[in-house]
Amino acid sequence: MKGMYEKAKLTKAQSEAIDSVYAAQHWSPQEFIAQHAINPNQWVKPCDVLNEMELDTIIRAFYIGYEVQMSPEEGIKDYYDSLNRYDKCEEAEVVKKTLNILKIKIKGVN
């Protein structure tokens, strides 16, 4: 039973999609869950991140709550932005150079 009462772990995109659909449709949590259970692949962009999302995850998100987990790219972007906020331009340049050497592109960073 481990994990049964833990908050759901969602990506930022999943969190925004749930909030968007929930607000636009004015569904109750039960209606949202029922709609997803009936057709888990009904969602269109930008909410298509909900397609094939486990029903259990959506139920826990509504009834227990959820935590937004950053993707590695989001974590790097957040770190990069924090460096710029605190005028740590040299460190920000190191982040950019490292990503360029690794041939990794992250929007808003390099």
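The values are calculated or read from the model by the stated rules, or taken from the named source; none is laboratory data. Just so it is clear, the structure is predicted and the values come from calculations on it, not from any experiment. Note that each Cβ is placed from the backbone with ideal geometry, even for glycine, and that neighbours are counted across all protein chains shown.
Numbers at a glance
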item: Identity of the residue in the stretch 1-34, closer than 15 Å to Thr57 by Cβ and polar (S, T, N, Q), that ends up surrounded by the fewest Cβ atoms within 10 Å (Cβ to Cβ); result: Thr11
item: Odd one out for Ala17, checked against (1) assigned to a helix (DSSP H, G or I); (2) without any contact (Cβ under 8 Å) to a residue 24 or more places away in the chain; (3) not basic (Lys, Arg); result: (2)
item: Single residue of Ile76, Ile64 found to be touching a residue at least 12 places away in the same chain (Cβ under 8 Å) and surrounded by 15 or more Cβ atoms within 10 Å (Cβ to Cβ); result: Ile76
item: So Glu52, is it of a type outside the set (A, V, I, L, M, F, W, C), assigned to a loop (DSSP other than H, G, I, E, B) and on the phi > 0 side of the Ramachandran plot; result: yes
item: Within the stretch 55-81, tally of residues that are among the hydroxyl-bearing types (Ser, Thr, Tyr), within 29 Å of Val94 (Cβ to Cβ) and in a helix (DSSP H, G or I); result: 2
item: Residues of the stretch 14-45 that turn out to be modelled with pLDDT under 90 and under 26 Å from Pro72 (Cα atoms), as a count; result: 0
